[in-house]
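Chemist: Before I ask anything, here is the structure I am working with.
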Amino acid sequence: MSTIGTFWALVPAIVAIVLALCTKEVYSSLFVGIVVGAIFFVVDPSSGASGFSGFLNHLFSDGLVANIADSYNIGILIFMVILGTMVALMNKAGGSAAFGNWAKKNIKSKIGAQIATILLGMLIFIDDYFNCLTVGSVMKPITDKHGVSKEKLAYLIDATAAPVCIIAPISSWAAAVAGFVTEGENGLALFCKAIPFNFYAILTIVMMFSLVFMKFEYGTMSKYEKALAVMNDAADEVAEEETKGKVIDLILPVAILIVFCVLGMIYSGGFFVKGGMEEVVDELGNASSVWVGNDSYLNFIEAFANSDASVGLVIGSIGALIISIVYFMIRKVMSFKDCMECLPDGFKAMVPAILILCLAWTLKGMTDSLEAKAFVAGLVEGSAAGLKMFLPAIIFVIACFLAFATGTSWGTFGILIPICIAAFPEGAIRIVSISACMAGAVCGDHCSPISDTTIMASAGAQCDHVNHVSTQLPYAITVAVVSFITYIVAGLTLGLGLVLSGIISWVVGIGGLIGTLIVIKKFFVKKAE
């Protein structure tokens, strides 16, 4: 039975997703998907593995152990533990309670709490992991007081994580996309050109503001929001929590964390070291980029493009943790022993998210070993000829499907962006197609229950993961459908020029989204009556 490089390569991820949605239990669902992947790998004669021993080796040695031990993944896990510790420190010092008391006086409404969450999410554009956990820890006390459900908070966090990072030139996502452009062009410059055509990311932001100001929810989200509607009246009656902490005890550690993470990112990219990346050609004519020392320093953008998000976030978060501990001790709100007790507390808080992440990474490793990306790449290359004007919409759908099935945007970038560059060496269609690839990858990642960003948004909001996925899905699908139509319009109007095509597309996209929400609101109001 041939399973590698065929449709069977996608089945493990599909099994995990279907089980998670049906059973509402994500741990066992992911593990079953991993087991199915290992079985499919062993039954393929070309895999080189056979029998029960081959199955166990691929399941544990090549699967769980190898993926968890990956240096990048270890860095993310360390960052999560440190971030959990930072949150525990701020809570124990009273900073979170003080900020909640301040917010109670200054943020007067449910709308204000949601807008503050969105704006904070948009400000933390450095990295989606950092965004998810930081916004959740800061805003949850405020949204709780104003009757915003955990499910709605998780949606706002998730919708301002990857969608914001993918349109921010200074972010780990921009660095990742730039790294996939390998054919002599400035990857970061190409990323910036593609931003105006990233319809899904920008329309997601429009969607959030529209839902807040139109004051309605639909799908399963409405059920959770209605259940907490009484909290709007009760919020004003909640007594101010007594605390020795001050608002600065929350704001300063978060600000230090942001600054240090930026410094850590550019440090990992070589900002403070003389030298740079240069292309070299070996004896066989293969070109590769290597670090070469010289007398000049990289500029900020170059260093960020070369950065390693995992290393940079670990360096930055450890530095911020040390500074925060010293600060709290100087303020005499916590002793050194109290600070150290926050380390296991932070780890405990992150255990559910860490477990899901480890299983999700392993499932991705299984689909990679089955060459799921190669199978999808063949479909894209086969459909490229003769469908140039519809290719942006086609790439958007394929990127959505691949990112949804594998739970990774970056993996989708890695396979589809080089194909787009090869299929369209130049011209407006190239820019729009790469935008469609990035938008589709974010959309699929946004919808997928096995996406690390989705998992961490649930963790940040302290929301049940399956509830977050089920409530977010109708909103994400709405924006995805409008984005798909907008990419069709963009492809058909490219002959008018890139600027005019962009204007027409945005009129259709924003008008279509607002019109859709108006129709949905009228339908739900009529249904309620």
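Chemist: Six or more apart or on different chains, Cβ atoms under 7 Å: show the pairs whose first residue is in the stretch 144-162 and under 16 Å from M221 (Cα atoms) and whose second is among the polar types (S, T, N, Q) and assigned to a loop (DSSP other than H, G, I, E, B).
Modeler: Close Cβ pairs (under 7 Å, with a partner that is among the polar types (S, T, N, Q) and assigned to a loop (DSSP other than H, G, I, E, B)) amount to K150/Q462.
Chemist: Condition first: surrounded by fewer than 15 Cβ atoms within 10 Å (Cβ to Cβ) and modelled with pLDDT under 90. Now tell me which residues in the stretch 304-334 satisfy that.
Modeler: Result: K332, single match.
Chemist: Every residue in the stretch 67-80 that is buried (at least 17 other Cβ atoms within 10 Å of the Cβ) and more than 17 Å from S268 (Cα to Cα), please.
Modeler: N67, I68, L77, M80
Chemist: Follow-up question, since we're still on this one. For the stretch 51-66, indicate whether the set of residues that are polar (S, T, N, Q) and open to solvent by less than 50 Å² (accessible area, probe 1.4 Å) is non-empty.
Modeler: Scanning the stretch 51-66, I find no residue that is polar (S, T, N, Q) and open to solvent by less than 50 Å² (accessible area, probe 1.4 Å), so the answer is no.
Chemist: Considering only residues that are open to solvent by less than 20 Å² (accessible area, probe 1.4 Å), within 14 Å of G112 (Cα to Cα) and in a helix (DSSP H, G or I), which ones fall in the stretch 139-151?
Modeler: Residues satisfying the conditions are M139, I142, T143.
Chemist: Return the residues of the stretch 376-407 that are open to solvent by less than 20 Å² (accessible area, probe 1.4 Å) and modelled with pLDDT of 70 or more; say none if nothing qualifies.
Modeler: L391, P392, A393, I395, F396, A399, L402, A403, A405, T406, G407
Chemist: Would you please name the residue that is surrounded by the fewest Cβ atoms within 10 Å (Cβ to Cβ), looking only at residues in the stretch 94-110 that are touching a residue at least 12 places away in the same chain (Cβ under 8 Å) and among the charged types (D, E, K, R)?
Modeler: K104
Chemist: Related question: (1) under 18 Å from M80 (Cβ atoms); (2) buried (at least 19 other Cβ atoms within 10 Å of the Cβ); (3) at pLDDT 90 or above: which one isn't true of L257, the others all being true?
Modeler: So the condition that L257 fails would be (3).
Chemist: Within the stretch 6-30, restricting attention to residues that are farther than 28 Å from D464 by Cβ and open to solvent by 30 Å² or more (accessible area, probe 1.4 Å), which residue is modelled with the highest pLDDT?
Modeler: Among them, the one singled out is W8.
Chemist: Does the stretch 476-487 contain at least one residue that is part of a helix (DSSP H, G or I), crowded, with 20+ Cβ neighbours inside 10 Å, under 17 Å from the mean Cα position of the chain (by Cα) and among the β-branched types (V, I, T)?
Modeler: Yes, that holds for at least one residue.
One line per residue, one yes/no per condition, for (1) of a type in the set (A, V, I, L, M); (2) surrounded by 22 or more Cβ atoms within 10 Å (Cβ to Cβ):
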position: G112; (1), (2): no, no
position: T117; (1), (2): no, yes
position: L123; (1), (2): yes, no
position: Y129; (1), (2): no, yes
position: S137; (1), (2): no, yes
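Chemist: All but one of (1) in contact with a Phe, Trp or Tyr (Cβ under 8 Å, 6 or more places away or on another chain); (2) open to solvent by 30 Å² or more (accessible area, probe 1.4 Å) hold for N91; state the number of the condition that does not hold.
Modeler: The one condition N91 does not meet is (1).
Chemist: Mind telling me which of the residues G84, G33 ends up being touching a Pro at 6+ places or on another chain (Cβ under 9 Å), part of a helix (DSSP H, G or I), open to solvent by less than 60 Å² (accessible area, probe 1.4 Å) and not hydrophobic (A, V, I, L, M, F, W, C)?
Modeler: Of the residues listed, the single one that is touching a Pro at 6+ places or on another chain (Cβ under 9 Å), part of a helix (DSSP H, G or I), open to solvent by less than 60 Å² (accessible area, probe 1.4 Å) and not hydrophobic (A, V, I, L, M, F, W, C) is G33.
Chemist: Right, next: Just to be sure I understand the filter: pairs with C-beta atoms under 7 Å, separated by 6 or more residues or on different chains, first member in the stretch 470-482 and within 15 Å of S222 (Cα to Cα), second member small (G, A, S). Which pairs pass?
Modeler: Within 7 Å, the pairs are T471/G219; P474/G219.
Chemist: All but one of (1) under 24 Å from V18 (Cα atoms); (2) of a type outside the set (S, T, N, Q); (3) at pLDDT 90 or above; (4) open to solvent by less than 60 Å² (accessible area, probe 1.4 Å) hold for G515, so report the exception by its number.
Modeler: Every condition holds for G515 apart from (1).
The values are calculated or read from the model by the stated rules, or taken from the named source; none is laboratory data. Quantities reported herein were computed from a predicted structural model and do not represent experimental measurements. Note that each Cβ is placed from the backbone with ideal geometry, even for glycine, and that neighbours are counted across all protein chains shown. When the accessible area is computed, the model is the full protein with side chains, heavy atoms only, and any ligands, DNA or RNA have been set aside. Shrake-Rupley method; radii C 1.70, N 1.55, O 1.52, S 1.80 Å.
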